[in-house]
Amino acid sequence: MDSSRTSEMPHVDLNERYWDDYAHSYHLGHSNQLPTDVPTWSVWGTPEAEVGALGDFVGRDVVELGCGGAQFSIALARAGARCTAIDISSEQIALGQRLLDEAEAADGARPDVTLVVGDVETSSLPDASFDIAFSDYGASMFADPLRWVPEAVRMLRPGGRLVFSSTTPLLETCLPKGEGVVSDRMVRDYHGMHRLDDSRAVYFNLPYGAWIRLFRSCGLDIVDMIETRPADSIVETDYRTPNQVAWAKRWPAEMIWILEKPAG
Ligand SMILES: C[S@@+](CC[C@H](N)C(=O)[O-])C[C@H]1O[C@@H](n2cnc3c(N)ncnc32)[C@H](O)[C@@H]1O
């Protein structure tokens, strides 16, 4: 489908269809980087234990926004969190169900993960019911931040944490439209960045200042923004070509925002 057609469709419908069609082959191609036993940020395979972005999650109520096959939530639940994992794609949630069954068979106990099919921009998950809301290239990339960030804040308890990973606005400016080869030149507009259509799906990003103004307008405090880097030994990953890895060793390609809803 060309991007002139995708730009006419509501992004949630388009992404639901895209992820339903792609779920099976996506997991065949990326399962190495989506472990269900170690909580791991996906693109560089960075263990949560290394970045400590989520804070203390043991015994906490956690919601994953755009969970895919819920691998991250399953790994967190195996480590002691109580997780709810929501995704717009029923195929992705069906896969999560299978992975939960496998984890139960292996552990002799079912990890505490509730799977929900739904849109993170308009979900009916209850107010103030989670200590941590997070997304690893899920809602954080494919839903409209002007809609999903306020929703996440609504679901968080006072003192709760919102953590998410995505590509950086800098990477987006250096990625020619419709191409996977990233250059050392800025070839796309930075100002006005918001909805970014490619030929298959719709994703979103904002200029750095717009992210900060969005967080502040939702009452969030900024704790940190981590620009993760591939380890020296990484040449290629299930997500990134050698060209993209080489770029990311020089410039920030991935950001993990850590935000807090004030306690009172
Ligand atoms: C790249 S997957 C991310 C999941 C997982 N962390 C991973 O790396 O596989 C992106 C997910 O976001 C989901 N998604 C996109 N838009 C959504 C929305 N509005 N509400 C809920 N989920 C959404 C897609 O269905 C897809 O499963």
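The values are calculated or read from the model by the stated rules, or taken from the named source; none is laboratory data. Since the structure is predicted, the reported quantities are computational estimates derived from the model, not experimental observations. All Cβ positions, even for glycine, are placed from backbone atoms using ideal geometry, and neighbour counts span all protein chains on display.
The table that follows gives values for the structure above.
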item	result
Contacts under 7 angstrom Cβ, first residue in the range 20-45 being under 16 Å from PHE142 (Cβ atoms) and in contact (Cβ under 8 Å) with a residue 60 or more places away in the chain, partner of a type in the set (Asp, Glu) and assigned to a helix (DSSP H, G or I), 6 or more apart	ASP20/GLU91; ALA23/GLU91
Strands (runs of 3 or more DSSP E) fully within the range 45-158 counting 1 or more residues that are more than 21 Å from LEU259 (Cβ to Cβ) and within 15 Å of the ligand (Cβ to nearest atom)	82-87, 113-117
Selection status of ASP112, charged (D, E, K, R) and within 21 Å of GLY96 (Cβ to Cβ)	yes
Failed item in (1) without any contact (Cβ under 8 Å) to a residue 60 or more places away in the chain; (2) of a type in the set (Val, Ile, Thr); (3) under 17 Å from ALA143 (Cβ atoms), with VAL187 passing the rest	(3)
Qualifying positions in the range 26-50 - modelled with pLDDT under 95 and over 16 Å from the mean Cα position of the chain (by Cα)	LEU28, GLY29, ASN32
Residue list for the range 200-229, restricted to those being more than 20 Å from the chain's Cα centre (by Cα) and assigned to a loop (DSSP other than H, G, I, E, B)	GLY219
Flag if GLY80 is over 21 Å from PHE142 (Cα atoms) and surrounded by fewer than 22 Cβ atoms within 10 Å (Cβ to Cβ)	yes
Tally of residues being in a loop (DSSP other than H, G, I, E, B), at pLDDT 95 or above and not hydrophobic (A, V, I, L, M, F, W, C) across the range 237-258	1
Residue under evaluation ASP20, criteria (1) touching a Ser or Thr at 6+ places or on another chain (Cβ under 9 Å); (2) assigned to a helix (DSSP H, G or I); (3) more than 9 Å from the ligand (Cβ to nearest atom), criterion not met	(3)
Which numbered condition LEU196 misses (of (1) at pLDDT below 95; (2) under 17 Å from the mean Cα position of the chain (by Cα); (3) hydrophobic (A, V, I, L, M, F, W, C); (4) not in a strand (DSSP E or B))	(4)
